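Working notes, beginning with the structure itself.
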Amino acid sequence: MQVYCLPQIISLGNGKMFMTYIEDEGDATKRISQNRTKLMYSIYDGSSWSNPQPVLDDGTVDFEPVIAPDGNGGAHILWQNGTTTFGSDVTLDEMAAGIDLYYTHWNGSTFNNTAAITSNNQNLETGYKIASSGNNLSVVWQVNTENDSFGLSGTNTIYRKQFTNGTWGNQETLASGLGIVNSIDTTYIGTSNVAAYTTTGAGSTDVNDLELYYFNGTSTTQLTNNDTPDYSADFWNNELYW
């Protein structure tokens, strides 16, 4: 166990569960320390957990997995994956530029539809969430102009990419020029993909200015406007909580 292992478990139905976590590959003959984090999974079949295996062992770093059931006994997985192996003198800026969002699908027996959601754009993607409706998927995430993982300096942009009819669409911008972004979430209401986020808006770093915004699929509405911070936007059963 280490600070970045982030274990997660979801139900697959029929008494089965699916778990992911980040493993620290301590064997220096396999990976040098700058590349040793590895995304692992294990499946509970109703009586025992399977021997953990890598999701995608390409020899590069893995961080921050997010998982969601697909409703058919499988699971969607989204995580930060290194696009290159790092040298022992790698800087944090170089690491940020060498990490992208990756997606894969566990169909109940194997992984399929593995794809890079982002391409190396010199910025680290954070705050990402994934939602599904049937065979459709939506991924939202945040990028900071200064590669500040806390999003406190520079400005922040929220992006979205959707998977429909078996193909990933183009990257869309949902909001840009934002101050602090505290949270992002997305879901499907009917066939429409929607999103919500809390932000201080353009030019502000005062957390008391955190307000809630809702994107209905075509336009954005500010839902709160008060003197206290609104944060932790979260969809649950087609309802929005914060």
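The values are calculated or read from the model by the stated rules, or taken from the named source; none is laboratory data. Since the structure is predicted, the reported quantities are computational estimates derived from the model, not experimental observations. Cβ atoms come from the backbone with ideal geometry, glycine included; neighbour counts cover every protein chain shown. Side chains included, ligands, DNA and RNA excluded: accessible areas come from the protein's heavy atoms. Shrake-Rupley method; radii C 1.70, N 1.55, O 1.52, S 1.80 Å.
For the reader, a short list of remarks on this structure follows.
- Measuring nothing but how far apart in sequence close Cα pairs (under 8 Å, 6+ apart) lie, relative to its length, the chain scores a relative contact order of 10 percent.
- Close lysine pairs were tallied over the chain: pairs 8 or more places apart or on different chains with Cα atoms under 24 Å apart number 5.
- Per-residue surface analysis assigns Leu178 an accessible area of about 20 Å², computed on protein heavy atoms at 1.4 Å probe radius.
- Ranked by solvent-accessible area (1.4 Å probe, protein heavy atoms only, all chains present), the residues Ser50, Ser42, Ser119 order from largest to smallest as Ser119, Ser50, Ser42.
- Computed over protein heavy atoms with a 1.4 Å probe, the accessible surface of the chain works out to 49 Å² per residue.
- When the solvent-accessible area of segment 1-63 is split by element, carbon and sulfur atoms take up 53 percent of it, the probe being 1.4 Å.
- 18 Å cut-off, amide nitrogen to a point 7 angstrom out along Leu56 Cα→Cβ, residues in segment 169-198: 169-171
- Distances between placed amide hydrogens fall under 5 Å for Glu25 paired with Thr37, Lys38, all partners being 5 or more residues away or on another chain.
- Surface share of carbon and sulfur [accessible, 1.4 angstrom probe, percent] for segment 160-208: 42 percent
- Which of Glu172, Glu146 is most accessible, then next, and so on - probe 1.4 Å: Glu146, Glu172
- Of Thr199, Thr85, Thr228, the residue with the greatest mean-square motion in the GNM of the chain, using alpha carbon springs below 10 Å, is Thr228.
- Relative packing of 73-80, 148-155, 31-38, which averages over residues the other C-beta atoms within 10 Å, highest first: 73-80, 31-38, 148-155
- For the chain, built as a Gaussian network whose Cα springs stay under 10 Å, the top-fluctuating residue of Thr220, Thr20, Thr167: Thr167
- For the Cα trace of segment 1-149, dividing Rg by the Kirkwood Rh returns an Rg/Rh value of 0.97.
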